[in-house]
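Since the structure comes first, as structure tokens, the remarks are kept for the end.
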Amino acid sequence: MSWQSAEEPEAKMPTACRALETVIVPRPRDIGGFEVRRVLPSAARRSVGPFVFFDQVGPAELMAGAGIDVRPHPHIGLATVTYLFAGSIVHRDSLGSVQAIEPGAVNWMTAGRGIVHSERSDTELRKQRQELYGIQIWVALPKRHEETDPDFTHYAAASLPVIEGEGKTVRVIAGSLYGKASPVKTLSALFYADATLQPGAVLSLESEHEERAIYLLDGTVEVAGQIFEPGQLLVFSSGDTITVKAISAGRLLLLGGEPLDGPRYVWWNFVSSSRERIEQAKADWKAGRFAPVPGEFEFIPLPESS
């Protein structure tokens, strides 16, 4: 799925914290009754580890009778990761998968050589007022796996490891962190976690991963004497341990991993290390050569430009 904003995030360079490379401030945009904040890619940073796309969706209120309807569209060369804080979305894809996702669970879809999917509000749930709040992330696949077979796996919230103590609760969504490993199958070394902090709690981000970032969802934090508010992605250099202190109760996402094994081209919903491969995907979608989503009769046409 691609909740896309036409505007790129603004970025600014901090000066006081030596380990802090970049602060990215996404620009909100309303699309069809819910808010999208594009975090990655940005003018200042195209990726963090293998993460090449990051959208915050909501928080938004969908009135009774309304819902989201993202029509079938294709992907190649990436894995899409959907993680919700509130609401529900039904995923359908060209493999025949049909899976509702709810808060705390993970829908991990590996596009590989090509997959088509849709994401819509549940038919019954849209009869009443709904909240929608979550994160959509794309992970670029390593070059050797870009043409792997497509796959979709749902992971229940209860299957994800949780670390608790000293005013912190950290759920490891994917990869490994703080000695815990998520069951989510990935094709590259990465980490992605959801952390809640009580006032005064301190969270450390070690140097085990070369590229690291935190995204502030709620609350105010202090890093190396600087205060940061919600709605910012803090990107750190490698090496030093990063210490985050909660000034107020808050929630943040931790993400990063190994750098990409070469540049990636991103066009619409396609990610690849090859421009030619993206051109082929464009031609295949336009000509109807992607497998359809069973039970779906709509689709998103290839854009004139993206």
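The values are calculated or read from the model by the stated rules, or taken from the named source; none is laboratory data. Here the structure is a predicted model, which is why all the values come from computation and not from measurement. Reconstructed Cβ throughout: ideal geometry from the backbone, glycine too, with neighbour counts over all protein chains shown. With ligands, DNA and RNA removed, areas are computed over all heavy atoms of the protein, side chains included. Shrake-Rupley method; radii C 1.70, N 1.55, O 1.52, S 1.80 Å.
Rg/Rh for the range 62-139 (Cα atoms only, Rh after Kirkwood) is 0.98. Taken along its principal axes, the alpha carbon cloud of the range 191-306 reaches lengths of 56, 33, 24 Å, longest axis first.
Under 15 Å from the Cβ of SER238, count the other residues' Cβ atoms, weight Lys and Arg +1, Asp and Glu -1, and hand me the total. Cβ neighbours under 15 Å give a net charge of -4. A Förster radius of 30 Å, combined with the Cβ-Cβ distance separating GLU124 from ASP149, puts the computed FRET efficiency at roughly 0.35.
Annotation: extensible slack from GLU208 through ALA249 equals 12.1 nm (criterion: 0.36 nm per residue apart, minus Cα-Cα distance).
At an R0 of 30 angstrom, the distance between the Cβ atoms of ALA43 and ARG18 translates into a FRET efficiency of 0.85. Residues in the range 50-207 average 36 Å² of solvent-accessible surface per residue, probe 1.4 Å, ligands and nucleic acids excluded.
Computed over the Cα atoms of the range 19-102, pair by distinct pair, the Kirkwood hydrodynamic radius stands at 15.2 angstrom.
Between ALA283 and ASP240, the simple spin-label model (points 7 angstrom out along Cα→Cβ) gives 5.0 nm. With a Förster radius of 35 Å applied to the C-beta separation of ALA100 and ALA189, the computed FRET efficiency comes to 0.70. Taking the accessible area of the chain, probe 1.4 Å, and keeping the other protein chains in place, the carbon and sulfur fraction comes to 48%.
Taking 7 Å steps out from each Cα toward its Cβ at TRP267 and ILE163 produces label points 4.1 nm apart.
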